[in-house]
């Protein structure tokens, strides 16, 4: 896989009262691999105020760490069959997030890499929802929309 990639991050949150909530973003970024770990680095604009956040995703077939620095600061750790707590700091205040990872599936080809994670999300020590996240990095220009 080449260093320059298009990254798709798709999140699905399941809420019994309001149904599914889907979010998907497409961003240019960089990919590299060191040892058994894959890395994606990209920058995102968070809102109309043009606040930015630099993101790094480190992952393998057993775990993923999403580190955000900028308008949002956090290090979210997804370990298979383990619950992790982290502080999620935003310009509006901080919240405690719990991530209980149920499954991780990593697939890769010469031009694409895909990571799917199923997890439960707690906010301030209370269960909020079940979630899926799918992250794809591709050298194929057709990934965009």
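If I filter segment 134-145 for residues that are modelled with pLDDT of 95 or more, in contact with a strand residue (DSSP E or B) (Cβ under 6 Å, 6 or more places away or on another chain), farther than 19 Å from residue 5 by Cα and part of a strand (DSSP E or B), do I get at least one hit? Looking through segment 134-145, none of the residues is modelled with pLDDT of 95 or more, in contact with a strand residue (DSSP E or B) (Cβ under 6 Å, 6 or more places away or on another chain), farther than 19 Å from residue 5 by Cα and part of a strand (DSSP E or B). Taken together, the residues in segment 89-122 that are modelled with pLDDT under 95, under 16 Å from residue 39 (Cα atoms) and touching a strand residue (DSSP E or B) at 6+ places or on another chain (Cβ under 8 Å) amount to 3.
With respect to being surrounded by fewer than 16 Cβ atoms within 10 Å (Cβ to Cβ) and at pLDDT 95 or above, residue 63 falls outside the description. Going through (1) within 19 Å of residue 133 (Cα to Cα); (2) surrounded by fewer than 16 Cβ atoms within 10 Å (Cβ to Cβ); (3) without any contact (Cβ under 8 Å) to a residue 60 or more places away in the chain; (4) under 15 Å from the mean Cα position of the chain (by Cα) one by one, residue 26 falls short only on (3).
Working carefully through the options 35, 98, find the one that is within 21 Å of residue 138 (Cα to Cα) and without any contact (Cβ under 8 Å) to a residue 40 or more places away in the chain. Selected residue: 35, the only one of 35, 98 that is within 21 Å of residue 138 (Cα to Cα) and without any contact (Cβ under 8 Å) to a residue 40 or more places away in the chain.
Can you spot a residue in segment 41-56 that is in a strand (DSSP E or B), touching a residue at least 60 places away in the same chain (Cβ under 8 Å) and surrounded by 16 or more Cβ atoms within 10 Å (Cβ to Cβ)?
Kept after step one, since they are in a strand (DSSP E or B), are these residues of segment 41-56: 41-45, 52-56.
Add one more test, that the residue is touching a residue at least 60 places away in the same chain (Cβ under 8 Å), and what stays is none.
There is no residue in segment 41-56 that is in a strand (DSSP E or B), touching a residue at least 60 places away in the same chain (Cβ under 8 Å) and surrounded by 16 or more Cβ atoms within 10 Å (Cβ to Cβ).
All of 61, 84 fail the test of being assigned to a loop (DSSP other than H, G, I, E, B) and more than 14 Å from the chain's Cα centre (by Cα), apart from 61. Residue-level analysis places residue 110 among those that are loosely packed, with under 14 Cβ neighbours inside 10 Å and under 17 Å from residue 7 (Cα atoms).
The values are calculated or read from the model by the stated rules, or taken from the named source; none is laboratory data. All figures in this text were calculated on a predicted structure; none of them were measured in a lab. Glycine also receives a Cβ, built like all others from the backbone with ideal geometry; neighbour counts cover every protein chain displayed.
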